[in-house]
1. Using the Karplus equation 6.51 cos²θ - 1.76 cosθ + 1.60 (θ = phi - 60°), what ³J(HN,Hα) coupling, rounded to whole Hz, does each residue of segment 154-159 give in order, writing x for Gly and Pro?
2. Any idea how far apart TYR354 and ARG68 come out in nm if each label point goes 7 Å out from Cα toward Cβ?
3. Rounded, prolate or oblate: which one fits segment 183-276, using the alpha carbon gyration tensor with axes a ≥ b ≥ c (rounded when a/c is under 1.5, else prolate when a/b beats b/c, else oblate)?
4. Rounded, prolate or oblate for segment 81-180? Axes are the square roots of the Cα gyration tensor eigenvalues, ordered a ≥ b ≥ c, and the cut-off for rounded is a/c under 1.5.
5. Pop a pseudo-label 7 angstrom from the Cα along the beta-carbon direction at both ASP198 and GLU303 and give the gap in nm to one decimal.
6. So how do TRP404, TRP165 line up by other beta-carbon neighbours within 10 Å, fewest first?
7. ILE61 to THR405: extension gain in nm, 0.36 nm per residue of separation minus the Cα-Cα distance?
8. Taking a label point 7 Å from the Cα of ALA381 along the Cα→Cβ vector, which residues of segment 205-227 have an amide N closer than 17 Å to it?
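Please treat every number below as a calculation from the coordinates, not as lab data. Bear in mind the structure is a predicted one, so any value in this text is a computation, not a measurement. Every residue, glycine among them, receives a Cβ derived from its backbone with ideal geometry; neighbour counts consider all protein chains shown.
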Amino acid sequence: MRTLALITTAVLATPGALHAQGTLERYETACDSGDLVDCSVLALIYQSGAAGVRDLARAEILYDRACRRDVLSACRRLSLLREEGPGERPESDRVRVGYVADAYDGAPLGGAVVLVRGIAGVGERRYVSDVAGRVVLDPLPYGSHRIDVTRGGYTRMEGRVPVPWDGDFLILMEETAEEVASTAGGIFGQVTEQGTEDAVSDVDIVVTGGGRAISNRDGRFFIEDLEPGRVELRLERLGYEPRTLTVTVRRGRTIELYATLSPDPVELEPVRVSVASRYLERSGFYQRSQSVAGDRFTFRDIEAMSATTVGDVVRRAGGVTVLASQIGFGSEAISNRRRGGDAAYGRCRLRPYYNGTPLVDFNLELMPPDEIEALEVYQGANVPIEYFDEMQHAGASCGVVLIWTRDPRRAR
């Protein structure tokens, strides 16, 4: 059982029981370096005022920044903050308000049981946090009161809450060792050159404690089976200044990391980190990015190219043309590198797949690109085995276009 540390204005549960100012500085540093998950927790600290500074405007900015890069807990917090606004503050200085949240990303933990023990003449009171993780303790006698906090899947915690006190208290709960150890995490990333945004290949990426990768021709890399928690990455390539980054690996999830290297010793942009799409994890996108030769575009690539249709994205693939279909409605992708396919029309067509399902007469020019999470183009012998259909003589030998749409629950 962990013990909650009494930190000036708050009960703040953090690894190592750091004092409030030290905790605030740690999250500020991590957030400024680009770890947007820590930005979400930092926003919660500002929202609650748990470290002595209550700043709702600052909290909203941080939540919005993290939400735009797919930190779902931040999106949830931002929505709650905008719905509730400043909220009513208790009139009595004997009423304490607190927040119960996940220590990793600040996600609200509803259903947490908070027991206040040793109340004179009463014994104990039991409270349950709401969907926003908020809990309001009824007027309590003046003094210091012991609290126990429990929730399924999380380590039980205890501490003391002083009465009276002006600020809110914040309880950051850590998942149980069984939950944390259940699944490893991963890092999918891309390395570009500072100032030019050109992909940097052959970068040696080493993770302290295990894990290594070399960026491919697109500057992309993927490292699997990493222990959850904060890790350090070392990026090195001949002709570039080495760079060391610190990021947080999330259990059972892949995080996306975008970093730059400089050929000269100049100040670099902060690294950009976000939680990756589970859809792409399940589809095998990250694994294929390292093992199969082809053209791949993430939503970041698509945003950068200002494409207006899916056809505009497909045209960026090497040796591919998008033309009006001769066998039906819509437009189709044609491989200029391959011969064969449908002899009747003399075109080597790339067969489109929409979220893993093969399509017929799919119009590449009508689908808006902002609905795409990722797009892959493979031609000839590079078609992944799971998409090589020998019965489709016009598609198997020519290639495929794999279109993965956005998860509507994943904000940008």
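1. Result, ordered by residue: 10, 6, 4, 9, 9, x Hz.
2. Simple spin-label model gives 3.1 nm for this pair.
3. On the way: a/c = 1.83, a/b = 1.81, b/c = 1.01.
Taking the square roots of the gyration eigenvalues as a ≥ b ≥ c, segment 183-276 is prolate.
4. On the way: a/c = 2.22, a/b = 1.24, b/c = 1.79.
Oblate is the answer for segment 81-180, as a/c is 1.5 or above yet b/c matches or exceeds a/b.
5. 2.4
6. Numbers: TRP404 21, TRP165 15.
Arranged by neighbour count, lowest to highest, TRP404, TRP165 become TRP165, TRP404.
7. Details: separation 344, 0.36 × 344 = 123.84 nm, distance 2.76 nm.
Roughly 121.1 nm would be gained on extension.
8. none
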